[in-house]
Structure formats: C-alpha cells, structure tokens
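Step one of this worksheet: look at the structure below.
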Amino acid sequence: MTTPVPFPHWLSQALPEPCVWPVRTERTVQLLRLSGADSLRFLHDQTTQDLGNAPPGRVRRTCAVTTTARLTALLDVLVDQQAARLLVLAGDGPALHQRFDRHLFPADQVTLLPMVQARQVSLLGEGAAPLLAAEGLAMEAAEAGWGAVALGDAQALLAGGTDFGDGAPGVRLLLPDSLPLPPWLERCPRLTATQVELLRLQQGMPAWPNEINGDFNPFELGLAGAVALSKGCYLGQEVLARLVTYDGVKQQLRLWRSPTPLEALPDNNVIQSKDGARAGVITSRLALGTGSVGLAVVRRAWLEASTLTLGSGTVSLSLPGAAQFPSGAGKND
C-alpha cells in the first residue's frame, strides 16, 4: 500500500477506503496544438504565463483572459520544440481556438491545428510516479514535465501534475478516446464524479461556467501562480498589473461548508454578513453528507470572517487548498 494524499478529514471520509493508492480520475479534455517557430511567442502574448524561455518538455499553467482581465480559460501548456500543446483544464475550447485564429497574422510562423479531444486519466497520490516507473513509463522531471510514451502499440502523452494543484500530487496520461486502459491502470480505484467534484472544491480549482464566466479575474480566483507580471505586454496585462500595484483585488475565492442540506439552500446564492450586508456570492455547491459544500467569491471586508449567513443558515469559510493570491491582495483596509 502506498501513502494516500493527506486530505482534510472531512474530505478523506468522502473518498474510498485508501486500501489501494493511487486512485484515478477520468474525463474527456480538449487539446489545441500550435506548430511553428513563433508558437511560444504567440502564446506568450495571448496568455498570462511567461512562456518566452520555457524549455521543451516542460508544463506551464496559464490563463486566457479578456482585455479587461476576465478569465476565459485555464490551461496547461505542454512546451515542445517550436510547438506547443494546450490542455484546456476549464473553459470553452472552441471559443479559445477561434480567438487564437483571429489573432494570428500572415507573418506569424504559427500553424493552429484543429482542436481534438483526448481521454485524460489522472493518477492521484504519491505512489503514481513509482507505479508508472514499474510499467516502464518513467519520465524525467515528471513533476513539471511531459513526454510521449508507448502503451502497447498506441502512443500517449504523460504529463506531470494534476488538474487539482500541488495539494493533490500525481500524473496524467492523455490517451486516444478509443484506447482501452491497460490492466495495471484499470486496477487503480476510480473516483466517482461526486468525489472528483469534492476534490475540485477543496482545492479551489475554478470550473466553467461556475467560476469561469466573464465575472472574475485570475487573482480573484486564486490563480496568481499562473500569472507573470514582469514579462512584458500581453492581453489583459495592464489591468492585472494595476490590480496588484493599486491593491485592487476586492474579492477572493473561498471554500464554504454548511450543515444545511443542499436542497434547503436558497437559490439566489447571496452570502450576507450578520447585519445583512452582501458579503459574497456562491459559485459552486455540492451535497456533503447531511450538509453542503462549495466555492464562493467573498468581498475583502469579510475575508477574515469564519462564518457568514446564507439564507436562514450559516456557512463556514476557509482558504481552498491550491489557491494563490497576489502578495498583499485582499487585505482589509
């Protein structure tokens, strides 16, 4: 038995008995591919991460934002030699493909290939890398890298890290949709959709359209680690820089839990202070035992509050496991 991921007690209770680790998740993901000498420069200008000097074989998490810095997609960039693959973690992949196509100029040495779907199998837990190594799928710098691997007669991609951030270590395999899982992978217990959603909520990874809907910027959603402020001009850069320079991040993502059953929660999603002031808005909700849990964006005046009001009940607030905010952002005046 390998060591399970050290999740909070309430979350561990909702996961399978950890007799076998790692556990796996599966979902269909969208992949965009760019090829050509200017591929990384183009993505450097179109997304928030510093990609200009990213070496081949690395994975970089980045955001696609509007000119007003509203988040439209969360991405992992798999850097290649004069090429890149974009794994759409959350967002509208076809819309992003159209946007990139509109911003390409004839002089750009970039070819934007058609978007494809892949089957992503994530292995969660410290035992993921040793399991892959035992099957001959070891990868250098697996924590932040990627590479092509052979699964029988088929080709797959192996990428370090998971959708859930550093608090849920593991690796990902990107497989053709039609490729059956090898027996050693099939033996890893698969989490249910509810368990995967609980992990997402606890880690605070934004989903589309729950949190990614044109209302929030990356700093509000705890994605400061995917934003580079010193790399030069890019779409949305001026707005993001002003938010940090002038302490303009007025709200932040929080994990909330309530003893109130999911079906008894009000529909308007408004969280209030004890005196009735609007303190935030719920963006995601899920049943948890006899209560409920979810994500909310909370205004800065109430970021230090341990409990707030939702309808006739209360919610407790805590920081999501993977959230990263700009230094000093969101502090109460």
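Summary table below
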read-out	value
Virtual spin-label span in nm between Ser306 and Ala193, 7 Å along Cα→Cβ	3.7
Where Rh is the Kirkwood radius over Cα pairs, Rg/Rh for segment 174-333	1.05
Shape of segment 65-209, Cα gyration tensor, a/c cut at 1.5	oblate
Within the accessible area of the chain (1.4 Å probe), percent carbon and sulfur	51
Largest-first ordering by accessible area, 1.4 Å probe, given options Val315, Val270, Val244	Val244, Val270, Val315
Helix-only CD estimate at 222 nm, as mean residue ellipticity for the chain, using -39500 (n - 2.57) per DSSP H run (n ≥ 4)	-4500 deg cm²/dmol
Most to least accessible of Tyr234, Tyr246 (protein chains only, probe 1.4 Å)	Tyr246, Tyr234
Total formal charge among the other residues, if their Cβ is under 12 angstrom from that of Ala95, Lys/Arg +1 and Asp/Glu -1	0
Calculated FRET efficiency for the pair Lys274/Gln109, C-beta based, R₀ 51 Å, to 0.05	0.30
Segment 34-48 - phi-based ³J(HN,Hα) in whole Hz, Karplus 6.51/-1.76/1.60, Gly and Pro as x	10, 10, x, 4, 9, 4, 5, 4, 4, 5, 4, 7, 9, 10, 8
Probe 1.4 Å, accessible area per residue of the chain, Å²	45
Three-way shape label, segment 263-333, alpha-carbon gyration tensor, a/c 1.5	oblate
3J(HN,Hα) from dihedral phi, segment 150-163, Karplus parametrisation 6.51/-1.76/1.60, rounded to Hz, x for glycine, proline	9, 10, x, 8, 9, 9, 9, 10, 10, 10, x, x, 10, 5
Heavy-atom SASA rank of His44, His9, His103 (probe 1.4 Å, accessible area, largest first)	His9, His103, His44
Over segment 224-276 - Rg/Rh using Cα atoms and the Kirkwood inverse-distance radius	1.18
Nearest-0.05 FRET efficiency for Arg27 and Ser327, computed from C-beta distance (R0 45 Å)	0.85
Solvent-accessible area of Glu263 with every protein chain in place, 1.4 Å probe, in Å² to the nearest 10	150
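The values are calculated or read from the model by the stated rules, or taken from the named source; none is laboratory data. Since the model is a prediction, treat every value here as computed from it, not as a measurement. Cβ: placed from backbone, ideal geometry, glycine included. Neighbour counts: every protein chain shown. Surface accessibility is based on the protein's heavy atoms, side chains included, excluding ligands, DNA and RNA. Shrake-Rupley method; radii C 1.70, N 1.55, O 1.52, S 1.80 Å.
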